[in-house]
Amino acid sequence: MGFFVNTIIDYIDNMNSYVHGYSDYEAKRLNDQAESLADIIHYDSIWDDGSLILEAGCGIGSQTKIVAPKNKNSNFISIDISLDSLDQAKTIVDCNKIDNVVFQQADIFELPFEDEYFDHIFVSFVLEHIPNPLESLNKLKRVLKQKGTITLIEGDHGSAYFHPDSEAANKAIQCQVELQKRNGNDTNIGRKLHPLLDQAGFKGIKVSPRQVYVDDSNPEWVEGFTKNTFTAMIKGVSEEAVSNNLISKKEFDKGIRDLYKTAEGGGTFCYTFFKGIGIK
């Protein structure tokens, strides 16, 4: 009974630590993000044919639908703690006629797999929402085969720069940083991937920055990233930021308007993601 109760508590804690929530609005944002970033982040997300790959924290499958088709001759087990998210992921995969993925509910900290079970592990936009990312890497390392690789992808809100600059927009961004910090999470974790992999004992570590730069010359990025990914993400924490007295509604709304201005004529937006790979 004690194990069962602790498992339920861990489940609730992990669900609550995801500051963006599980709304249809967030699901759309995640899909927009995955599609707009695919060429920058996943052009090299390719493993040897015949590999068994664990996708840890698959969410609604927004990354799954990008990566699995690039590895048609390998198989994925994609796990998440949220059954609702897994249901959405299954629907997305089925709609895209992807047949090399099996979904399973599981907690990264209680992985139901034997030691050295997977050839490779893939973790995208998960560690920033985990209070103890180093422990999660150690848990994942247990189920990774010797000489297998782990791939981590994370953002870093400290890398966000834009024109026109705006004090209100920067304050709105910091609201999300602070909300996640209060949950024990880290929106600036991208810059820490190398030390985290090193502390977890991985070898041959390589971390590469994947910079997104948006201006008038690439309108698809204006829409897909500046508006529908980043600004939508910040806008999604409005109610929580105001209710926690981090900012006034008036100033937050101005910050969002100013972020949208960076997507108008003459505006620019820059953000850096980080992709880290380590070998067991």
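The values are calculated or read from the model by the stated rules, or taken from the named source; none is laboratory data. On a predicted model such as this, the values are computed, not experimentally measured, just so you know. We place every Cβ from the backbone using ideal geometry, glycine too, and count neighbours over all the protein chains shown.
Please determine whether any residue of the stretch 135-150 is touching a His at 6+ places or on another chain (Cβ under 7 Å) and either farther than 16 Å from residue 61 by Cα or among the aliphatic types (A, V, I, L, M) (or both).
Yes, that holds for at least one residue.
Take the stretch 102-154 and flag every residue that is charged (D, E, K, R) and within 16 Å of residue 78 (Cβ to Cβ). Steps first, please.
First pass over the stretch 102-154, keeping only residues charged (D, E, K, R): 107, 110, 114-116, 119, 128, 135, 139, 141-142, 145, 147, 154.
Listed by number, the residues that qualify are 107, 119.
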Can you tell me which residue among 263, 241 is outside any helix (DSSP H, G or I) and either at pLDDT below 95 or touching a Phe, Trp or Tyr at 6+ places or on another chain (Cβ under 9 Å) (or both)?
-> 263
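Only one of these is of a type in the set (A, V, I, L, M), in contact (Cβ under 8 Å) with a residue 40 or more places away in the chain and closer than 22 Å to residue 166 by Cβ: 242, 237. Name it. Talk me through it step by step, then tell me what you get.
Numbers: 242 fails: in contact (Cβ under 8 Å) with a residue 40 or more places away in the chain.
That would be 237, the only listed residue that is of a type in the set (A, V, I, L, M), in contact (Cβ under 8 Å) with a residue 40 or more places away in the chain and closer than 22 Å to residue 166 by Cβ.
So which residues in the stretch 190-228 are among the basic types (Lys, Arg) and touching a helix residue (DSSP H, G or I) at 6+ places or on another chain (Cβ under 6 Å), if there are any at all? Quick ask: steps written out before the conclusion?
Filtering the stretch 190-228 for residues among the basic types (Lys, Arg) gives 191-192, 203, 206, 210, 227.
Selection gives 210 alone.
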Please work out if residue 135 is touching a residue at least 24 places away in the same chain (Cβ under 8 Å), in a helix (DSSP H, G or I) and surrounded by 18 or more Cβ atoms within 10 Å (Cβ to Cβ).
-> no
Here the residues within the stretch 54-78 that are in contact (Cβ under 8 Å) with a residue 40 or more places away in the chain and aliphatic (A, V, I, L, M) are 54, 56, 67, 77
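If you check residue 265 against the conditions, is it surrounded by fewer than 19 Cβ atoms within 10 Å (Cβ to Cβ), in contact (Cβ under 8 Å) with a residue 24 or more places away in the chain and closer than 30 Å to residue 119 by Cα?
Values: surrounded by fewer than 19 Cβ atoms within 10 Å (Cβ to Cβ): yes; in contact (Cβ under 8 Å) with a residue 24 or more places away in the chain: yes; closer than 30 Å to residue 119 by Cα: no.
When the stated conditions are applied, residue 265 does not pass them.
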Checked the stretch 163-186 for anything within 11 Å of residue 254 (Cβ to Cβ) and either assigned to a loop (DSSP other than H, G, I, E, B) or of a type in the set (A, V, I, L, M) (or both); matches are 166, 168, 169, 172
For the stretch 22-50, which residues satisfy the criterion of being touching a helix residue (DSSP H, G or I) at 6+ places or on another chain (Cβ under 7 Å), within 26 Å of residue 112 (Cβ to Cβ) and at pLDDT 85 or above?
-> 45, 47
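Matching residues to (1) of a type outside the set (Asp, Glu); (2) over 15 Å from the mean Cα position of the chain (by Cα):
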{"position": "91", "(1), (2)": "yes, yes"}
{"position": "102", "(1), (2)": "yes, yes"}
{"position": "116", "(1), (2)": "no, yes"}
{"position": "134", "(1), (2)": "yes, yes"}
{"position": "143", "(1), (2)": "yes, yes"}
{"position": "149", "(1), (2)": "yes, yes"}
{"position": "160", "(1), (2)": "yes, yes"}
{"position": "189", "(1), (2)": "yes, no"}
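Look at residue 113 and say whether it is in a loop (DSSP other than H, G, I, E, B), free of Cβ contacts under 8 Å to residues at least 60 places away in the same chain, surrounded by fewer than 23 Cβ atoms within 10 Å (Cβ to Cβ) and not small (Gly, Ala, Ser). I'd like the intermediate steps shown before the answer.
On the way: in a loop (DSSP other than H, G, I, E, B): yes; free of Cβ contacts under 8 Å to residues at least 60 places away in the same chain: yes; surrounded by fewer than 23 Cβ atoms within 10 Å (Cβ to Cβ): yes; not small (Gly, Ala, Ser): yes.
Yes: the conditions hold for residue 113.
With respect to residue 252, is the statement that it is more than 30 Å from residue 152 (Cβ to Cβ) and part of a helix (DSSP H, G or I) true? So that I can check it myself, show each step before the final result.
Working: more than 30 Å from residue 152 (Cβ to Cβ): yes; part of a helix (DSSP H, G or I): yes.
For residue 252, the condition - more than 30 Å from residue 152 (Cβ to Cβ) and part of a helix (DSSP H, G or I) - is met.
Could you pull out the residue among 158, 190 that is touching a Phe, Trp or Tyr at 6+ places or on another chain (Cβ under 6 Å) and part of a helix (DSSP H, G or I)?
Working: 158 fails: touching a Phe, Trp or Tyr at 6+ places or on another chain (Cβ under 6 Å).
One residue alone meets the criteria, 190.
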List every residue pair whose Cβ atoms sit under 8 Å apart, with the two residues 6 or more apart in sequence or on different chains, where the first one lies in the stretch 30-53 and is farther than 21 Å from residue 89 by Cα and the second, anywhere, is modelled with pLDDT of 95 or more and of a type in the set (A, V, I, L, M).
-> 47/53
Is the stretch 224-243 home to any residue that is touching a Leu at 6+ places or on another chain (Cβ under 8 Å), buried (at least 20 other Cβ atoms within 10 Å of the Cβ) and of a type in the set (Phe, Trp, Tyr)?
-> yes
